[in-house]
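Since the structure comes first, as C-alpha cells, the remarks are kept for the end.
Values quoted throughout were computed directly from the atomic coordinates according to the rules given, and no laboratory measurement underlies them. Bear in mind that the values here come from a model prediction, so they are computed numbers and not experimental data. In this analysis, Cβ positions are derived from the backbone assuming ideal geometry, glycine residues included, and neighbour counts consider all displayed protein chains.
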Amino acid sequence: FFPEETAHFTTIDKAVSIFIKDNYAYVVCDKSGLLILDISDPSSPEEVSRHSIPQGAKDIFIKNNNVYMACDRQGFYITSIPNLQKTEYAYHLGVNDLAQSVSIGSTFGFAGIGRSLYSLEGSMSGDVSIIQEPFYRLPDQIRGIFIVERDGYSDIYIANEDAGLQIFRKNDNKNSQR
C-alpha cells in the first residue's frame with residue numbers, strides 16, 4: 001500500500017511542524033509564522049489566516065484554545081487563539097538552550113528544552129505554567145515528545161538526538177512519586 005497525494009499547499013518558506021485539530025491544520029513555518037488552513041475538504045486546503053510567531057518555532061501542540069510552541073532559542077510560548085483571526089501570547093519562558101518539542105496530555109504536559117525535560121502544570125484547558133527547574137536531564141538534545149495516556153498511567157516517548165528513543169512511565173495517581 002502506497003499513499004497517494006491528494007492535495008498540496010505551498011508555504012512561503014520551510015514548513016517545520018504541523019498539528020491537526022478538528023477541520024484545521026496549524027502549520028508552523030520557519031520564518032513566516034503560523035499558517036492556519038481549513039482542511040474540511042482534504043483535496044482542497046484553504047488558507048484561513050496567518051499569525052506572526054517567534055522565529056525558530058520547531059514544534060506545536062494544540063489543546064482546547066491553547067497553542068503550545070517550542071521556539072528554538074526564542075523559548076517556549078503558550079498562545080491563546082479564541083478564534084482563528086486573533087493570536088495573543090499568554091505565557092513566555094525564555095531559555096538559554098534549544099526549545100525543540102512539546103506534548104500535552106489531559107492533565108499534564110512536557111516541554112523539551114535542550115537536554116532537559118520540563119513539566120507543565122495547571123489546567124491543560126486553561127491557565128498553564130512551566131516549572132522553572134527541569135524535571136529530568138537527558139543525555140542529548142530532545143527532538144520530540146509524545147504522550148500516550150492509558151488506564152491509570154501515561155507513557156512519555158522521547159526522541160533523543162543521539163540516545164534514540166527513551167520511554168518514561170508516569171503513574172496517573174496524584175499521590176505517586178515519579
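Using the beta-carbon distance between Ala15 and Tyr136 and R0 = 22 Å, what value does 1/(1 + (r/R0)^6) give for FRET efficiency, to the nearest 0.05? That pair, Ala15 with Tyr136, gives E of 0.15.
Here the relative contact order of the range 1-107, from alpha carbon pairs under 8 Å that lie six or more residues apart, stands at 18 percent. In this calculation the C-beta distance from Tyr157 to Glu47 is compared with R0 = 30 Å, giving a FRET efficiency of 0.40.
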